[in-house]
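Below: the structure, in structure tokens.
Taken together, the values in this text are just the output of simple stated rules run on the coordinates, not laboratory data. Note that the structure is a prediction, hence the values are computed from the model and not measured. Cβ placement follows ideal geometry from the backbone for every residue including glycine, while neighbour counts extend to all protein chains displayed.
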Amino acid sequence: MEGFTYRGGTLHAEEVSAVELAERYGTPLYVYSRGYLRHQFRRIREAFAEIDPLICFAVKANTSAAVIHTFAAEGAGADVVSGGELYRARRAGIPANRIVFAGVGKTAEEIEYAIQEEILGFTVESEAELHRISECATRIGGTARVDIRVNPDVDPKTHKYTSTGKKENKFGVDLERAVKAYELAARLPGVEIVGLHMHIGSPVMSIDPYVEALERVAPVVRELKAAYPTLRHLDIGGGLGIRYRDEQEDLDPARLAEALLPTLRDLGLKVLLEPGRFLTGNAGILLTRVQYLKEGPEKTFVIMDAAMNDLIRPALYEAYHKILPVRETSDTLTGDLVGPVCESGDFFAQNRELPAVQAGELLAVMSAGAYGYVMASNYNSRGRPAEVMVSGGTAKLVQRRETWDNLVAGETIPAWE
């Protein structure tokens, strides 16, 4: 299915007009398709149905309670990378025994919180972290279940900032160190070895890096499985790529499953997957209203009310987002789509063929459901947008727009005299 289509010349989120949404909730506005979220989750579940995997939504992609709850209702788990994400996942209905906690810098406070919640396991990134987890578990009289993240040194052919499985990346331990890291874990009090974890990066558009990574990791998994009877699952990460451009296609989970299942069957472990972008990326758009057209000496600038503080991916990753007019038109102009923030990096498109729009008209920034609102900030003292979820013909506000009062709610002006 598609979450966003034209009907009668107007862009719709499922059955609701984007014009109606903008008029009702204002702009900038994030809009999510509940139907598409569920569609994407079910694609992965059905592709790997033979081995009944635990699909842990990567909460960092989108922390909306409504989004997380949608996946919880589908039976999902969660992959979290902070105490705050763990709190959000539990609040939105994800059972603790379906939650894995990753990240290279977990604090003692976060670790103890997760142990007390009795989560499924920690993804451990280093020997130093193993020691800290053991100390925390011993201090509070609990048991920490751990997977050690191995770095297969595979190039996922993605942006250098989103590659995570190469030797120069900060994540995990290399294959040569993995066995010794597990030997350390076996000696430490309060620690139970339950699995092994790998993740190569995001967004990955080819199945080849996954196959290569699994082939490199499989011999280590077999060795560890023989040595540690409690080792019962293999987390193969996420990172599945999505369509950002017309010529692209989502990485097909059915093809990925076909390539990986022979090895996964042979290993005989419970499989975990951690998709984030794949589930939410094309389930969301950012609606923005044009403020002015500015004719510069060399190009035209389309100035909108959304900015880099609302969606930072183009500035941070040089990421491409397709731009659609809410009122369908075939007329175009060439220029830059920019926001009001005082930075030259405040753009969503540069030197691009854009819809020919005028002040007051609406544009949709597509593929904004992952790493969109969740990375938004208050730079230039701009309030973050509202978020809306659409299901069929019904739209519901799931995050209120921030006000100026929200911006200063936590501040105090001290009296020095």
At a Förster radius of 60 Å, what calculated FRET efficiency corresponds to the Cβ-Cβ distance of Lys294 and Gln116, to the nearest 0.05? 0.65
Residue among Arg43, Arg88, Arg245 with the largest mean-square fluctuation in a Gaussian network model of the chain, springs linking Cα atoms under 10 Å: Arg245
Place a point 7 Å from the Cα of Leu397 along the Cα-to-Cβ direction; which residues of the range 261-295 have their backbone N under 15 Å from it? none
Let me check I've understood the local charge: for Ala114, count other residues with C-beta under 15 angstrom from its C-beta, Lys and Arg +1, Asp and Glu -1. What total comes out? -4
Mind listing the long-range amide H neighbours of Val341? Cut-off is under 5 Å, sequence gap 5 or more, other chains count too, H placed in the peptide plane at 1.01 Å from N. Met308
Which trypsin sites (Lys or Arg not before Pro) does the range 267-308 hold that lie in a coil by DSSP with at most 15 other beta carbons within 10 Å? Lys299
I'd like the distance separating the alpha-carbon centroids of the range 1-46 and the range 193-237, in whole Å. 35 Å
For Leu354, which sequence-distant residues (separation of 5 or more, or a different chain) have an amide H within less than 5 Å of its own amide H, given hydrogens modelled in the peptide plane? Leu333, Thr334, Gly335
Build a GNM of the chain with springs between Cα atoms under 10 Å: which of Pro219, Pro385, Pro297 gets the top mean-square fluctuation? Pro297
HN-Hα couplings for the range 408-417 via Karplus (6.51, -1.76, 1.60; θ = phi - 60°), in whole Hz with x for Gly/Pro, come out as 10, 4, x, 8, 9, 10, x, 8, 8, 10
I'd like the per residue volume of the convex hull spanned by the Cα atoms of the chain, given in cubic angstrom. 164 Å³
Ranking of Trp416, Trp404 by count of other Cβ atoms within 10 Å, fewest first: Trp416, Trp404
The range 95-275: relative contact order in percent, alpha carbon pairs under 8 Å with at least 6 residues between: 18 percent
Quick one: if you stick a label point 7 Å off each Cα along the C-beta vector at Ala409 and Glu50, how many nm between them? 5.0 nm
How much length would be gained if the chain were fully extended between Glu249 and Ala226, taking 0.36 nm per residue of separation minus their Cα-Cα distance, in nm to one decimal? 4.3 nm
In the chain, if the dipole is taken from +1 on Lys/Arg beta carbons and -1 on Asp/Glu beta carbons about the Cα centre, which of Ala306, Leu272, Gly372 is farthest to the positive end? Leu272
In the range 174-271, the GluC sites (Glu not before Pro) that fall in loop regions by DSSP, at most 16 other Cβ within 10 Å: Glu247, Glu249
When the Cα centres of the range 247-305 and the range 50-103 are compared, how far apart do they sit, in Å? 18 Å
Lys, Arg +1 and Asp, Glu -1 on Cβ, resulting dipole of the range 95-275 about Cα centre, debye, nearest 20: 320 debye
Rounded to 0.05, the calculated FRET efficiency for the beta carbons of Arg187 and Asp266 at R₀ = 35 Å is 0.75
What percentages make up the Cα-Cα pair-distance distribution of the range 95-275 when the bins are 10 Å wide from 0? 10, 38, 35, 15, 3, 0
With a Förster distance of 35 angstrom and the Cβ-Cβ distance between Glu2 and Leu316, calculated FRET efficiency to the nearest 0.05 equals 0.80
Each label sits 7 Å from Cα toward the beta-carbon; between Thr138 and Cys342 the label points are separated, in nm, by 5.3 nm
Sorted by Cβ density within 10 Å, fewest first, the residues Met1, Met389: Met1, Met389
Which residues qualify? For Val271, with a placed amide H closer than 5 Å and at least 5 residues away or on another chain, they are Leu54, Leu234
